[in-house]
1. Eigenvalues of the Cα gyration tensor times 5, then square-rooted: what semi-axes does that give for segment C:118-269, in whole angstrom, largest first?
2. Quick check on the exposure proxy: order A:117, C:138 from fewest to most C-beta atoms within 10 angstrom.
3. Cα-Cα pairs above 12 Å in segment C:17-66: how many percent?
4. At residue C:9 and residue C:207, where each label point lies 7 Å from the Cα along Cα→Cβ, what is the point-to-point distance in nanometres?
5. Most exposed first by the Cβ proxy, i.e. fewest other Cβ within 10 Å, how do B:32, C:251, A:113 rank?
6. What's the ranking of C:12-21, C:28-37, A:42-51 by average number of surrounding C-beta atoms within 10 Å, highest first?
7. Set the Förster radius R0 to 25 Å, insert the Cβ-Cβ distance between residue C:198 and residue C:282 as r into 1/(1 + (r/R0)^6), and round the FRET efficiency to 0.05.
8. Taking a point 7 angstrom from the Cα of residue C:290 along the C-beta vector, which residues in segment C:170-194 have backbone N less than 20 Å away?
């Protein structure tokens, strides 16, 4: 019984993710794409919870929904005539892209089905993955961690530099 | 328990959807969203492996992917907005000033 | 009955406890707010529905539920209907990790504080969605302003939360609360349960952190002096201008629930959470919830008082305040608190 409920939740989240990801890609209205991306992100966060990755599920919410999605929404609203409800956009070179993707999907599915996965889930389900991740970040991965912080700082300064209006030169 | 292939198939679907979007769509911001979709698919794969193989290192890698995604979103959208200011369009086939 | 099914049902019922609380609390707070606003402005407010108008919030609620639920012709129907639900979901989801006493918590997860930061981002998306879908200038400006404001003020408040997490060593509200057990002198605003020298060193920084968090929380709830998203004289009513009836009630309820959440976070971070101010006396599950709710109500009332006392900021002052005042001070305090902790 216990396992069945988890199965139901998985299928529900999978349907949410598949449907919303399809809307992101194929909707002609950019804001529909942006808002359905919200449901993709939340659905993926739910899948992380099912996979016992609680820290990353919450980080997914903070980073993707709270940060990236809102940035994208601002991007859409600043670069389109938003007072007109239908913000439309077209597609180009559909056929070659679909063929290419079909080939890639075939390769991926082939790899997934013909590999013998040696699954060995840990016996003890941890109450939280945060301590393990924290230990890893502060010991074995300390250099990438520090580099990541520098990357974020540089990205922040760079984004502010690029996006600001160049007032100095004009006046 | 759900077998590992289900999660992998789901992330494969997300990744392929992202690829289609990047190749097909004209609007730079939609292309951007599709890149985020692909990054999410990769993250899902990493966490699946991490959970099914009982190894937390996969989750550390996801953490770094998120850092890169955040940095990419900030700089990428700044570039899109700067482009829009100069060309008044964000359609990638009309932004061709670097073409000879 | 199947025990498994029964456990699911009990969980659902337990999850509805905060909803009942929020509804009652909202009615009380609306009454208190109207009365306080009136007395601050030297008027009486409503006096005719019941003794000193105590039945007025109920009458208002009934009126709101009866109203026609209009959807503007040019609005985007789907998103317009979805937005209030998203906003309320994001707000209500935060109650899952708030322990109302030592005995009741929706979900006792280790990452409660982080979760609270995470789900509040759903609110931002919902506000932008509602603002755009109504297809009106006022709602769009209100939505964009609100999103920018909440995003900006999340940064200093995240720093404050980080410093408290550093001090208590946990992101679980129950553990943060237990850390401050033993009376007023152990509350984090008074330096926590540390030796005297460390305590004295912590107090000034904790006080600054409290001010920073309280200011940012006022901004995050979109209330005066930070109510630019719904500045009546400029934007009619902000992002919920076009909403009416039940959907407007959901925005309204979410606003008051959000006010309670930020007050609860202040209580947990600095004022001992559900612990009794007199040490072991007057503690126990029921006393805990009494102390928790009354501490929260103090901050709710303080917020209302400030709202009706201060004039509104300008947009540039708002951004200046967040990015050039609160954030640098919060960063400096995090550094100082970290140094004191390792000392």
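Computed from the coordinates by the stated procedures, all read-outs in this text should not be read as laboratory data. Everything numeric here is computed off the predicted structure, so don't read it as measured data. All Cβ positions, glycine included, derive from the backbone under ideal geometry; neighbour counts span all protein chains shown.
1. Three semi-axes, in Å: 36, 14, 12.
2. The fewest-first ordering by Cβ neighbours comes to A:117, C:138.
3. 66 percent
4. 5.5 nm
5. Placing the least packed residue first, the sequence is A:113, C:251, B:32.
6. Highest to lowest by the protection proxy: A:42-51, C:28-37, C:12-21.
7. 0.35
8. Residues passing the 20 Å test: C:178, C:181-185.
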